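Heads up: the structure comes next, in structure tokens.
No lab work stands behind these numbers, since they all come straight from the coordinates. Note that the structure is a prediction, hence the values are computed from the model and not measured. In this analysis, Cβ positions are derived from the backbone assuming ideal geometry, glycine residues included, and neighbour counts consider all displayed protein chains.
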Amino acid sequence: MSSMFGEGAGPAVPEPAARPGWARGVLVTAVILLVLFFAMSGFTSFWTEKLWFSSTGFSSVFDRLVLTKIGLFLAFGGIMAVAVAANVVLAYRLRPMFRPASPEQVGLDRYRQAVGPVRYWVLAGVALVTGAFAGTAGADSWRSYMLWRNGVPFGSKDPYFHRDKGFYVFDLPWLHHVVNFAMAVSVVSLLVVLVVHYLYGGIRLQATRDRLSGPAAAQISVLLGLFVLGKAADYWLDRYDLLSAGGGIVDGITYTDDHAVLPAKLILMSIAIICAVLFFANVVQRTWLLPSVGLALLVLSAILLGMVWPGVVQQFQVNPSASDKEPRYIARNIAATRDAYKIAGAKVTPYAGRSTLTPEDQRTELANVPGIRLVDPQLIQKAFENQQQLRKYFSVANVLDVDHYPVQGRDRDVVLGVREINQAGIPDDAKNWSNLHTVYTHGYGVIAAYGNQRDAEFHEQSLPDNPEWAGAGGSDSSSDLAPGGYRPQIYFGEKSPQYSIVGKASKGARDVELDQSAKGEEDTTSTYDGKAGVPIGSLFHQVLYAWKYGNATIALSERVNKNSKILYDRKPREMVEKVAPWLTVDSDPFPAIVDGKVVWMLDGYTTTDQYPLSERGSYKEMTSDSQASPTEFRTLPTDEINYMRNAVKATVDAYDGTVTLYAWDESDPILQAWRNAFPGTVKDKDQIPQDLLDHMRYPEDMFKVQRYQLQRYHVTDPDTFYEGKEQWEVPADPTVPSSPGVATKLQPPYRLSVRTGADSTKPVFSLTTTFVPKGNANLAAFMSVDGDASQKGYGTLRILELPSTGPVKGPKQVATDFATDSRIQNELTRFNASTNISKVYGNLLTLPVGDSLLYVQPLYTQKAGSDSSGNFPVLNYVLVSFGDRLAIATTMSEAVAEVLQVDGNAGSADGGDGGDGGKPGDGGGVLDDQVVTLLQQADREFGLAKDALKAGDLAKYQEHTDAAQRLVARALQASRTPAAAPATPSKQPSASSTPAPSAQPTKKG
């Protein structure tokens, strides 16, 4: 064989020196250790995940996911591996027995000799590698597979192909995956076959004739024919994709798609079938002319029919007369989009925008003032944290949550914050493993303030059950009541540590999990005995988690005993996403106190991008409160959806980690499919306890997606839609200054209780937003959704649409009026002149009043230039706008009475209920000398408080304010007659009835 290698062509190459035995041993050892490391890491990740699912009661989800992924991996990987191996073996057996001598073949001999002894290993390696890639891609398609296997009909058909919409959502993605996989098998097999035939002489590139042997040509022809046949099937499926495709004036089929793209797909499919037949015929004919011509025709047709023809139709037929050709398609897109995002049922009411009220209406509106939420959940966070965190290692969310509770027979808006553990506040010298993972393990309690309480008092008792929770302040008020009626330990929350080891200490040792006494006077300890958590008493589990978290202390510490559990992956949203991986979970979990427990409540959405004819949008963009700057670079969105349902309501127990999923939109076909795929994991809607239902609310992300789509799709006439002259947009947040090159902050939705129409007398807990005309600043519409899940009207979208002339100012215009009004600025002179005090504007709320809209904005002040822990915004004024009238006052009632042009004394008959109320009286408006004297003394104290605030002395400000509140409380008690007293007297008179009450949280002692 030496002659075949070209002996004598050059000097011999010296043999490389043998590798020393110790070096080879080190290399083998390193490889083995590396393999063991990855194997141990993979096993640890898998097994600890299994243990987590078992601890939460959702082991069936884990098992089904694992079995499905393994099955898909084996199926797709096995098919790919077998197909590749079979084609390699066939190509090897079809190799020519005799090869003419040539430089090309002489050069390949050395490779044939090298492969020959290990050809079976090479074959196995190639098959396993290609099979592994195909299997991984198959396992990643588990969602498409499970929806295909468990899909149900939607019950309605598309207007073009007359197929049930479930075909597009459940079947089409899986069929695409199967067809693409078949094409991939053909391509990979073809590449491997080309290599084998070239190596063994079936392909001779340097030959002048017969470059392909007959068997090689036949095998290659079959594989090319299978690929082109797969492409024909792909063209067939592409026809259905047009119903959810973008790129036109609207998503879905447009005129060009209907008259150019759709016929082109059918023509290309036919050409592909003919081309495949020619390739199959080449097995017998052994001529490449016809298959080559067919393939060239297919490529040329794909360019001309798939790209050029649609462009010509669009340019020369559609664009000159689009207003005549597109409305039919736009109308179908509008109907599908409104149905897909559940906005078709929105109740649109024309709204006059007149700012005149009858005297009776004025008094009615003023009587509703106590229900208006003043407290800004974002700004008041600092007050919550500074006044109620008890210790530095407790914290509350950056933006607090708004809920409503029945208090003293009345539904009250409440701002809530969960006091969670904040390990960053632990002293540095105490940040050791034992403290971080066995002592500081949980938060403690819920802090609440009335949403309309001007002085933002805090309460921490059983919200729905204990009437004492409704205490309204005054000298007897305790701002941090002892917890009662619910379990305050928060082991599962948004700020939970990475992992904690909890459970009863071993015999003879004390419990070390740090608790907190109700008044913050001394620290206590408690022991976790909840359901969730993985037992870590065995050495096996200790080693697993020591490996998982890279800390051997877990296996060595005496704090870990047979009673211990490890808590991890315990953020509520993360937990729901794991036990229901098919859900898109709302970004804002919110707490509620239900049946003596603190529970996190979350909303889960079913989404798809395959709903026919509906408009797509980026979920991230639609739920964001930021609008991209025109100069901002954007990549193509990867999270597009065109259908969304609030399918599931979920809860996570803040103490024991119990996750519960409830079906909410039981008519949703996607939810039905997933319930079939994971049986028993989602409870029926009628199993929701009433106490829990009372606190379920309309989800914010769903509302944001709907308002995003309603910017365009409030228009139902296709001609008007095409013209685009009635488009809306969400206004910029007037409280956030805009900067060039920075994304505009949009005004977020606000939760508050509002009357939803002229025929509504009772405020409804709602989620609200506003729209302005695109490119303009005046108000176009006010939208709300009934947000109380326990009420019959829940989920009803209500739009108050103003005339196009725009008689009502938009948020930005109102904010400008507040900033430029001379009377308001004169009132704020002392703050403008002070360098120690800065103004902070709170959320600008919009509320329907009569036939117009009322704007309300709290104005806070904050000590400037200080990062001290005691520096937080203090509510001082209320700004109100109605029509062309503006007002500023220290109480809501005074400000609203002024803009409505009504006597403020008539407005708040229930001023002592915790609202900000009116002026105290005895029912007939006559005050005796004692009351007058007390109010005069209170007025002096308020004057001293204002002077202290002007000087930046918050301590003196608080001292004088507390004294004034006590005097006002005494005056209020003295002014009450038996006829005016409440049925159940409160132990604490309302501080909100004061002429100028404290805007700062009071803390006794």
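Points to keep in mind about this one:
- Additional length obtainable on full extension of the chain from Arg163 to Gln498, 0.36 nm per residue less Cα span: 115.7 nm
- Across every direction, the projection of the convex hull enclosing the Cα atoms of the stretch 76-211 has a mean area of 11.5 nm².
- Cα pair distances of the stretch 497-568 binned at 10 Å [whole percent]: 20, 48, 26, 7, 0
- Our analysis of the stretch 644-799 gives Rg over Rh at 1.04, with the two radii drawn from alpha carbon positions and Rh computed by the Kirkwood formula.
- Sorting Trp47, Trp582 from the fewest to the most surrounding beta carbons within 10 angstrom yields Trp47, Trp582.
- Its relative contact order, with pairs defined as Cα atoms under 8 Å and 6+ residues apart, puts the stretch 76-211 at 40 percent.
- R0 of 45 Å, Cβ-Cβ distance Tyr120-Leu266: FRET efficiency to nearest 0.05: 0.45
- With the convex hull of the Cα atoms taken as the outline of the stretch 218-325, the averaged projected area works out to 6.7 nm².
- With a cut-off of 13 Å between beta carbons, the residues surrounding Ala509 carry a summed charge of +2, where Lys and Arg count +1 and Asp and Glu -1.
- Pairs of Cα atoms nearer than 8 Å and 6+ residues apart set the relative contact order; for the stretch 497-568 it is 42 percent.
- Neighbour net charge for Arg64 - beta-carbon separation under 13 angstrom, K R +1, D E -1: +4
- The calculated FRET efficiency for Lys431 paired with Thr527, based on their beta-carbon distance and R0 = 22 Å, is about 0.45.
- Extended-chain gain in nm, criterion 0.36 nm per residue less alpha-carbon gap, Leu27 and Ala331: 102.5 nm
- Span from the the stretch 196-248 Cα centroid across to the the stretch 280-357 one, whole angstrom: 29
- When only Cα pairs below 8 angstrom with a gap of at least 6 residues are kept, the stretch 665-798 shows a relative contact order of 22 percent.
- The stretch 558-580 versus the stretch 157-187: alpha-carbon centroid distance in Å: 40
- Sites Leu539 and Lys50, calculated FRET efficiency, Cβ-Cβ separation with R0 30 Å, nearest 0.05: 0.95
- Cut-off under 5 Å, modelled amide H: who pairs with Ser766 long-range: Leu752, Ser753, Val754, Gly787
- In this rough spin-label picture, where each label sits 7 Å from Cα along the Cβ direction, the Thr829-Asp258 distance is 6.9 nm.
- Contour minus Cα-Cα distance for Trp288 and Tyr111 (0.36 nm per residue): 60.8 nm
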